[in-house]
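Contents: one structure, followed by commentary.
The values are calculated or read from the model by the stated rules, or taken from the named source; none is laboratory data. As the structure is a prediction and not an experimental result, all values here were calculated from the model. All Cβ positions, glycine included, derive from the backbone under ideal geometry; neighbour counts span all protein chains shown.
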Protein chains: 2
Amino acid sequence: MHSVNLSRKFSSFSDYWSPKILGELNDSYVKAVKIKGEFVWHHHDNEDELFLVTKGLLRMKFRDREVLVREGEFVIVPHGVEHLPVADEETHVILLEPKSTLNTGNIQNERTVAQLDRI
Amino acid sequence: MHSVNLSRKFSSFSDYWSPKILGELNDSYVKAVKIKGEFVWHHHDNEDELFLVTKGLLRMKFRDREVLVREGEFVIVPHGVEHLPVADEETHVILLEPKSTLNTGNIQNERTVAQLDRI
């Protein structure tokens, strides 16, 4: 057992939209991801996802509205719900989601990251 | 879907060692707990637990050592591992653990909180 320092982890990588595994518990991974710009509309058939913002501003778009997630805030996206993460500036997000979760959910394209690094 | 502001949630209660449910995803709860002083040695037979410190300092004692968890850091305690959370000053912790998790694990005593409030 050891403590994991979030800001130190974020300072160890610079690529966007490429989640890194920080730890695992039960059937889930804790991941760190830097985001900037717009991702891709997708949903997850079976997995709920938690997005905790540690820096910046996440605009989580849903088909009918947008939820602003600021530093020190989280949002939970239930399975089956289409969403589009957007960040106008670089934003740091801690993800918590089942190990089976693919970043692009039901979509497979050039944004899909199937193999995640551990940092 | 809505965003949850951690510091606002922490300012809404003042009791120690009484986790509040902030949200749920998959089979887990996200909880907020204020701690101060020493808890009770316990383990969880089946549940891994994540402790993320948002304020203060958590000293997580294990039988063979102690892990310091500072603001912006987390520690994961695997199931089966005896642990004793200690905080010399008021410390704010976000917990992530399966819904089945009892705060005192294998121990049932006056510190056990079986029914958790949602805030």
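For every residue, the table says whether it meets (1) among the small types (Gly, Ala, Ser); (2) touching an Asp or Glu at 6+ places or on another chain (Cβ under 8 Å); (3) over 27 Å from A:His2 (Cα atoms).
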site: A:Val30; (1), (2), (3): no, yes, no
site: A:Asp48; (1), (2), (3): no, yes, no
site: A:Val69; (1), (2), (3): no, no, yes
site: A:Glu89; (1), (2), (3): no, no, yes
site: A:Pro98; (1), (2), (3): no, yes, no
site: A:Gly105; (1), (2), (3): yes, yes, yes
site: A:Gln108; (1), (2), (3): no, no, yes
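Tally the residues that are under 30 Å from B:Val81 (Cβ atoms), more than 13 Å from the chain's Cα centre (by Cα) and more than 7 Å from chain B (Cβ to nearest Cβ), restricting the search to region A:11-27. First the steps, then the outcome.
Step one: list which residues in region A:11-27 are under 30 Å from B:Val81 (Cβ atoms), which gives A:11-13, A:19-27.
Checking the rest, the ones that are also more than 13 Å from the chain's Cα centre (by Cα) come to A:11-13, A:23-27.
From what's left, more than 7 Å from chain B (Cβ to nearest Cβ): A:11-13, A:24, A:27.
Selection size over region A:11-27: 5.
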- Message: Testing A:Glu73 on (1) within 30 Å of B:Arg63 (Cα to Cα); (2) without any contact (Cβ under 8 Å) to a residue 40 or more places away in the chain; (3) buried (at least 20 other Cβ atoms within 10 Å of the Cβ); (4) not β-branched (Val, Ile, Thr), one condition comes back false. Which one is that?
- Response: (1)
- Message: Restricting to region B:37-62, give me the number of residues that are without any contact (Cβ under 8 Å) to a residue 60 or more places away in the chain and either surrounded by fewer than 16 Cβ atoms within 10 Å (Cβ to Cβ) or more than 8 Å from every other protein chain (Cβ to nearest Cβ) (or both).
- Response: 13
- Task: Could you grab me the full set of residues in region A:11-35 that are farther than 22 Å from B:Glu49 by Cα and surrounded by 14 or more Cβ atoms within 10 Å (Cβ to Cβ)?
- Result: A:Phe13, A:Tyr16, A:Trp17, A:Ser18, A:Lys34, A:Ile35
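May I ask you to say which residue of A:Leu116, A:Leu68, A:Leu84 is modelled with pLDDT under 95 and surrounded by fewer than 21 Cβ atoms within 10 Å (Cβ to Cβ)? Don't jump to the end; show me each part of the working.
Values: A:Leu68 fails: modelled with pLDDT under 95; A:Leu84 fails: modelled with pLDDT under 95.
When all the criteria are applied, what remains is A:Leu116.
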- Task: Confirm whether B:Lys99 is at pLDDT below 95 and within 12 Å of chain A (Cβ to nearest Cβ).
- Result: yes
- Note on the structure: In region B:1-45, anything touching a Leu at 6+ places or on another chain (Cβ under 8 Å), over 23 Å from B:Arg111 (Cβ atoms) and of a type in the set (Ser, Thr, Tyr) is listed as B:Ser3
- Message: I need the full set of residues from region B:63-96 which are among the acidic types (Asp, Glu) and more than 8 Å from every other protein chain (Cβ to nearest Cβ), in order please.
- Response: B:Asp64, B:Glu66, B:Glu71, B:Glu82, B:Asp88, B:Glu89, B:Glu90
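List the strands (runs of 3 or more DSSP E) that sit entirely inside region A:59-119 and contain at least 1 residues that are within 20 Å of A:Leu25 (Cβ to Cβ) and aliphatic (A, V, I, L, M). Please lay out each step first, then the result.
Values: elements: A:66-70, A:73-77, A:84-98.
Fully inside region A:59-119 and qualifying: A:73-77, A:84-98.
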